[in-house]
Amino acid sequence: MKNVTKVFAGALEIVREHRRAYLAINAAYYGLTLAAMLLVVFFPAVQETLIAAVTEGFQTGPMKPVGSAYAGGRVSAAITLTFAVNLIGGSLLTITLPSLVIPFSGLVMGVVRAALWGMLLAPTSRPLALAMIPHSLTLLLEGQAYILALLAVWIHGRSFIAPQSAGAASCGAGYRIGLRKTVRLYVLIAAVLAVAAVYEALEVIYVAPLLIGQP
């Protein structure tokens, strides 16, 4: 238990050490999501296209196993698949790994995801508005995990490009320091995504249908 506490404390210390960047990424991420929601008010066709594409992805596309778990009310499967998709696909493969090859490149995915979330989830109809009452917490939790992943991208890229900022003597040493901090931050990312997956599965399967009047 002490070792687990130490690991989490170390990850939180990294966030505190880079709190200005962390707060800036928070403001940019959630701010872009809200801006995209406002944009959809003037261009509703964009949301309609996105909803159609996402629905198809969950029904017949690569996300079909996730969609089937939710549609079938299989809570455990929904939690497991949601966590795996968000951690591996949403964080590791699209944000972190590209940045290990090209510094800061994962930040682009953060911008894209925040904008897509806003356009997709904007409460432009009564069913969407009702669904977003509980789903807003899912948005905040998952967003927080992706923000931590983006923070790791920033720390790693800065440590590599400006090694002196990380107390390193060379770009190679800075790269390794940034990589170690990224691994430590993934403890927090995984923890937040685990909580988000549990909440989202329960919220989507049990709560949202009651609010929007579906069986």
PRO103 vs (1) in contact (Cβ under 8 Å) with a residue 40 or more places away in the chain; (2) in contact with a Gly (Cβ under 6 Å, 6 or more places away or on another chain); (3) part of a helix (DSSP H, G or I): all pass except (3)
Flag if THR138 is in a loop (DSSP other than H, G, I, E, B) and on the phi < 0 side of the Ramachandran plot:
no
Just one listed residue, out of ALA115, ALA145, is within 11 Å of the chain's Cα centre (by Cα), touching a residue at least 12 places away in the same chain (Cβ under 8 Å) and part of a helix (DSSP H, G or I), and it is ALA145
Within the range 153-166, can one find any residue that is outside any helix (DSSP H, G or I), over 22 Å from LEU32 (Cβ atoms), touching a Gly at 6+ places or on another chain (Cβ under 9 Å) and not basic (Lys, Arg)?
yes
State whether one or more residues within the range 47-54 are surrounded by fewer than 11 Cβ atoms within 10 Å (Cβ to Cβ) and out of contact with any strand residue (DSSP E or B) (no Cβ under 6 Å at 6 or more places or on another chain).
yes
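Quick check on this structure: which one of LEU121, LEU87 is crowded, with 18+ Cβ neighbours inside 10 Å and at pLDDT below 95?
Going through LEU121, LEU87 in turn, just one is crowded, with 18+ Cβ neighbours inside 10 Å and at pLDDT below 95: LEU121.
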Kindly evaluate ILE133 against the criterion of being in a helix (DSSP H, G or I), touching a helix residue (DSSP H, G or I) at 6+ places or on another chain (Cβ under 8 Å), surrounded by 23 or more Cβ atoms within 10 Å (Cβ to Cβ) and of a type in the set (Val, Ile, Thr).
no
Among helices (runs of 4 or more DSSP H) completely within the range 1-98, the ones holding 1 or more residues that are closer than 21 Å to ILE155 by Cβ and free of Cβ contacts under 8 Å to residues at least 40 places away in the same chain are 2-17, 19-42
Starting from residues that are exposed (fewer than 13 other Cβ atoms within 10 Å of the Cβ) and hydroxyl-bearing (Ser, Thr, Tyr), keep the ones in the range 56-80 and report whichever is modelled with the lowest pLDDT.
THR60
Result of the Cβ filter at 9 Å on the range 173-198, keeping first residues that are in contact (Cβ under 8 Å) with a residue 24 or more places away in the chain and part of a helix (DSSP H, G or I) and partners that are surrounded by fewer than 17 Cβ atoms within 10 Å (Cβ to Cβ) and polar (S, T, N, Q), at least 6 apart or interchain, is ALA197/THR80
Determine whether the range 175-188 contains at least one residue that is of a type in the set (D, E, K, R) and either out of contact with any helix residue (DSSP H, G or I) (no Cβ under 8 Å at 6 or more places or on another chain) or surrounded by fewer than 16 Cβ atoms within 10 Å (Cβ to Cβ) (or both).
yes
For residues that are among the hydroxyl-bearing types (Ser, Thr, Tyr), surrounded by fewer than 24 Cβ atoms within 10 Å (Cβ to Cβ) and either touching a Lys or Arg at 6+ places or on another chain (Cβ under 7 Å) or closer than 20 Å to ARG180 by Cβ (or both), tally how many sit in the range 137-157.
0
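The values are calculated or read from the model by the stated rules, or taken from the named source; none is laboratory data. Values in this document were obtained by computation on a predicted structure and should not be read as measured data. Quick reminder, even Gly has a Cβ in these numbers, built from the backbone with ideal geometry, and neighbours come from all protein chains shown.
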